[in-house]
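What follows is a single structure, written as structure tokens, with notes after it.
The values are calculated or read from the model by the stated rules, or taken from the named source; none is laboratory data. Predicted, not measured: the structure shown is a model, and the values here were computed from it. Cβ sites come from the backbone with ideal geometry, for glycine too, and all protein chains shown count toward neighbours.
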Amino acid sequence: MATPSRRILIDHARLVTVAGGDGPLAGPRQGRVGLVVDGALAVEAGRILAAGPREDVLRQVTSAWGAAAEREQIDADGRVVMPGLVDAHSHPVWAGSRVAELELRIRGAGYVEIMEAGGGIASTVRATRDATDEALLADLLTRLDQLMDHGVTTLEAKSGYGLSTAEELRHLRVLAQAAARHPMRIVPTFLGAHAVPDEFRGRDEAYVDLVVEEMLPAVAAAFPGAFCDAFCDLGAFSLAQTERVLNAARALGLPLKVHADEFGHLGCAELAARLGAVSADHCIVTSPADMDAMARSGTVAVLLPGTTLGLGSLHFAPARELLLHGVPLALGTDLNPGTCPCPDLPLIMAMAARYLKLTPDEVLVAATRNAAYASGRGAVAGRLEAGFAADLLLLEAQDHRELCYAFGQTPRMQVMVGGIWTRQTRALAIEGAR
Ligand SMILES: [Zn+2]
């Protein structure tokens, strides 16, 4: 089996580096993909040793490795080599199916009617609580494979279908088990404030007390560095409740994300900016003043057009307005059983290029470098630059814009994580879990 210490040289590549400088790219820089038409890329010990114009890279390789050093050499023959995609928002730990809700939605049923018919988040919470660790892990590994088939190499992944201290911790442990088996790089997020569980119905303040006083300290102790997220919206948690949860998380040293402005403008994007949240996600009804606040704080807007598709809606985030205000944009699948059962990030990129009116280059930055920053991994992933992780895609395409142009037919690709082509390691992870 391949070892990460192996040296690899990919030559004659059309390199999309998204490299240079620090931080997420905003405003007119959002579309800077750093294209090198005749490029090369060298990998050593799982990291990028050099990436850029081929003459420069070949010179560096010769000086670092010597002319006759053993290496795997790949002739890309003009094909695209680009950073592995980063999915900045997903809810992949669940059991059960919500397929029956599709017809209810088609008939125009709202959230309450779906809930009363036994559907909604509560039904997923019941099914997920009933599932064994083994069943949750097996389903999760399958989803990671589906995401990686579409080029995702780093995944922000939330809990939030447990909604009790023991269950939330269990789901975060299953995420950690999956991360240990699968080549996907997983960024865990605690989303105890996803919904009020049935046993707290009508007592939502008491549930927020539980999140703040019991869940958060337990999560911070067991998973230091995990993100804390909260669902602030009509029918979810209020701005004041969200602020309590995020303040408590911040006091425990957890970085913050928040579901903001998906349906109702409660002021949550402004809260995200004020508390220094890494990202505010959805941002469909965000006000211009809140956009300015996000731009000043460097809070990334994670846009999730797949959810709009899933809801059969046409209310997309005002992406160009966010860009004009200087807010860096990222993308995510929002993979979840209710509103977006879709692991196909390139499809969501194709949507962003139509409905969010972003150019293919702006979309590519949103799904790589900026999504890495939105996931707290901007210093290690999301671009092809010396010192960064060798997480990359070799596309069967001569133009990176193919990823946004075609939909329903992601270009064939080879996926590398940490200097290892993943086909073999993924098969072993799935096999080992059986
Ligand atoms: Zn979400």
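Among residues of segment 155-198 being assigned to a strand (DSSP E or B) and among the hydrophobic types (A, V, I, L, M, F, W, C), the one that is nearest to the ligand (Cβ to nearest atom) is Leu191. Taken over segment 159-194, the criterion of being more than 16 Å from the chain's Cα centre (by Cα) and either at pLDDT below 95 or aromatic (Phe, Trp, Tyr) (or both) is satisfied by Tyr161 alone. Among the numbered conditions (1) in contact with a Ser or Thr (Cβ under 9 Å, 6 or more places away or on another chain); (2) part of a loop (DSSP other than H, G, I, E, B), the only one that Leu25 does not meet is (1).
Of the residues His194, His182, His259, which is touching a helix residue (DSSP H, G or I) at 6+ places or on another chain (Cβ under 6 Å), within 17 Å of Pro92 (Cα to Cα), buried (at least 24 other Cβ atoms within 10 Å of the Cβ) and touching a residue at least 24 places away in the same chain (Cβ under 8 Å)? Walk me through it before giving the result.
Details: His194 fails: touching a helix residue (DSSP H, G or I) at 6+ places or on another chain (Cβ under 6 Å); His259 fails: touching a helix residue (DSSP H, G or I) at 6+ places or on another chain (Cβ under 6 Å).
That would be His182, the only listed residue that is touching a helix residue (DSSP H, G or I) at 6+ places or on another chain (Cβ under 6 Å), within 17 Å of Pro92 (Cα to Cα), buried (at least 24 other Cβ atoms within 10 Å of the Cβ) and touching a residue at least 24 places away in the same chain (Cβ under 8 Å).
Every residue, every condition in (1) β-branched (Val, Ile, Thr); (2) at pLDDT 95 or above, yes or no:
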residue: Met294; (1), (2): no, yes
residue: Val300; (1), (2): yes, yes
residue: Pro305; (1), (2): no, yes
residue: Gly310; (1), (2): no, no
residue: Thr333; (1), (2): yes, yes
residue: Gly338; (1), (2): no, no
residue: Leu347; (1), (2): no, yes
residue: Ala350; (1), (2): no, yes
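Scanning segment 402-417 for residues that are surrounded by fewer than 18 Cβ atoms within 10 Å (Cβ to Cβ) and in a loop (DSSP other than H, G, I, E, B) yields a count of 5.
In this structure, is Val33 farther than 30 Å from Phe190 by Cα and surrounded by 21 or more Cβ atoms within 10 Å (Cβ to Cβ)? Answer is yes for this residue. Which residues, counting only those in segment 332-345, are crowded, with 24+ Cβ neighbours inside 10 Å and away from the ligand (no atom under 13 Å from the Cβ)? Those that are crowded, with 24+ Cβ neighbours inside 10 Å and away from the ligand (no atom under 13 Å from the Cβ): Pro343, Leu345. For segment 341-355, how many residues are out of contact with any Phe, Trp or Tyr (no Cβ under 6 Å at 6 or more places or on another chain) and more than 13 Å from His400 (Cβ to Cβ)? Final tally of qualifying residues: 9.
Assessment of segment 235-246 against the conditions (over 28 Å from Asn370 (Cα atoms), within 16 Å of the ligand (Cβ to nearest atom) and not charged (D, E, K, R)) yields at least one matching residue. Of all positions in segment 222-230, none carries a residue that is surrounded by fewer than 20 Cβ atoms within 10 Å (Cβ to Cβ), within 14 Å of the ligand (Cβ to nearest atom) and not in a strand (DSSP E or B).
Out of segment 56-74, which residues are small (Gly, Ala, Ser) and free of Cβ contacts under 8 Å to residues at least 40 places away in the same chain? So that I can check it myself, show each step before the final result.
Step one: list which residues in segment 56-74 are small (Gly, Ala, Ser), which gives 63-64, 66-69.
Ser63, Ala64, Gly66, Ala67, Ala68, listed by residue number.
Of the residues making up segment 68-99, those that are among the small types (Gly, Ala, Ser) and out of contact with any helix residue (DSSP H, G or I) (no Cβ under 9 Å at 6 or more places or on another chain) number 3. Filtering segment 265-296 to residues that are buried (at least 22 other Cβ atoms within 10 Å of the Cβ) and not hydrophobic (A, V, I, L, M, F, W, C) leaves Glu270, Ser279, Asp281, His282, Thr286, Asp290.
With segment 249-321 as the region, which helices (runs of 4 or more DSSP H) entirely inside it contain at least 3 residues that are within 14 Å of the ligand (Cβ to nearest atom)?
Where helices (runs of 4 or more DSSP H) fall fully within segment 249-321 and carry at least 3 residues being within 14 Å of the ligand (Cβ to nearest atom), they are 305-310.
Would you be able to say whether some residue in segment 199-214 is more than 23 Å from Pro92 (Cα to Cα) and within 14 Å of the ligand (Cβ to nearest atom)? No - not one qualifying residue is present in segment 199-214.
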